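Reviewing the structure listed below.
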Amino acid sequence: MIAARRCWMGVLAKARPERLAECVARLGEEPAIHWLRPPEVGAVMVRGRMGGTGAPFNLGEMTVTRCALRLPDGTVGHGHVQGRDRRHARQAALVDALMQGARAPEVEATVIAPLAEEAAAARRLRAEKAAATKVEFFTMVRGED
C-alpha cells in the first residue's frame, strides 16, 4: 500500500493543475470535507548530490503548498505540491483520501491512470527529442596496424 500510495501521490503532485481539475470534475460531486490543515504555502530546503552519489549539499529553497483533510468516513488525505497553487494541493489531498476508500478503483481509472499515462507520454517525447540530438563518434582505422 505504501509503494502504491507513493506512486499516486507523485502523479498528483506532478500533474498539471488544470488537467487534475478536469479529471476530478469527472468524479461527480465532491464529498464534504473537514480541514485538518487548510492549504498553506511554505518553503522546503532542496538538497542535492554531485553526480547523484556525492556528499549532500543544500541547493536552495523551493515553494510548496500542503494541506490535509478528512472525509466524512474518517479517511485522511494529504496533498503536497510544488508552488503556490492551493487548489492543486486541495484536489491532490481529496484524491489521496478517495484512493484509500471504496471508490479507489473508480478514482484510479478516472484520475490516476489518465494522468500517469500523460506523464509517461511526455517522458517518452522528451527522450525521443533528446535521442534525436545524440551524436555517434567513431574512429576509422587508418591501416597502420
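Among GLY54, TRP8, ALA127, whose Cα projects farthest towards the positive end of the dipole of the chain, with charges put on the beta-carbon of Lys, Arg (+1) and Asp, Glu (-1)? Checking the options against the dipole of the chain, the answer is GLY54. Among ILE112, ILE2, ILE33, sorting on how many other beta-carbon atoms sit within 10 Å of each Cβ, with the fewest leading, yields ILE2, ILE33, ILE112.
When Rg and Dmax of the Cα atoms in Å is calculated for this entry, the matching label among [x] 20.9, 81; [y] 17.1, 59; [z] 21.2, 63 is [x]. Here VAL135 and ARG49 are evaluated by their C-beta separation; at R0 = 30 Å the FRET efficiency comes out at 0.60.
Assigning unit charges at the beta carbon (Lys, Arg +1; Asp, Glu -1) and nothing else, what dipole magnitude in debye, to the nearest 20, does the chain show about its Cα centre? Present the calculation step by step, with values, prior to reporting the outcome.
Details: 22 positive and 17 negative charges, 77 e Å.
It works out to roughly 380 debye.
Maximal additional length on extending the LEU36-LEU59 stretch stands at 5.2 nm, based on 0.36 nm per residue less the C-alpha distance. Could you work out which residue, out of ALA131, ALA122, ALA92, moves most in a Gaussian network model of the chain, that is, has the largest mean-square fluctuation with Cα springs under 10 Å? Among ALA131, ALA122, ALA92, the largest GNM mean-square fluctuation belongs to ALA131. Each of VAL46, VAL64 was scored by other Cβ atoms within 10 Å of its Cβ. Arranged with the fewest first, they read VAL46, VAL64. Of the GluC sites (Glu not before Pro) found in the range 53-145, the ones in coil according to DSSP and having at most 14 other Cβ atoms within 10 Å of their Cβ are GLU136, GLU144. Sites count as exposed loop sites when they are trypsin sites (Lys or Arg not before Pro), lie in a DSSP loop, and have at most 13 other Cβ atoms within 10 angstrom; the longest stretch of the chain without one is 27-83. A simple spin-label model places pseudo-atoms 7 Å from Cα toward Cβ; at ALA121 and ARG87 they are separated by 2.3 nm. The stretch between ARG103 and ALA21, if pulled fully straight at 0.36 nm per residue, gains 27.8 nm over its current Cα-Cα span.
Highest mobility in the GNM of the chain, judged by mean-square fluctuation with C-alpha springs under 10 Å and restricted to ALA43, ALA130, ALA120, is found for ALA130.
Every read-out reported here was derived from the displayed coordinates using simple, explicitly stated rules and does not represent laboratory data. Not measured: the values here are computed from a predicted model. Cβ sites come from the backbone with ideal geometry, for glycine too, and all protein chains shown count toward neighbours.
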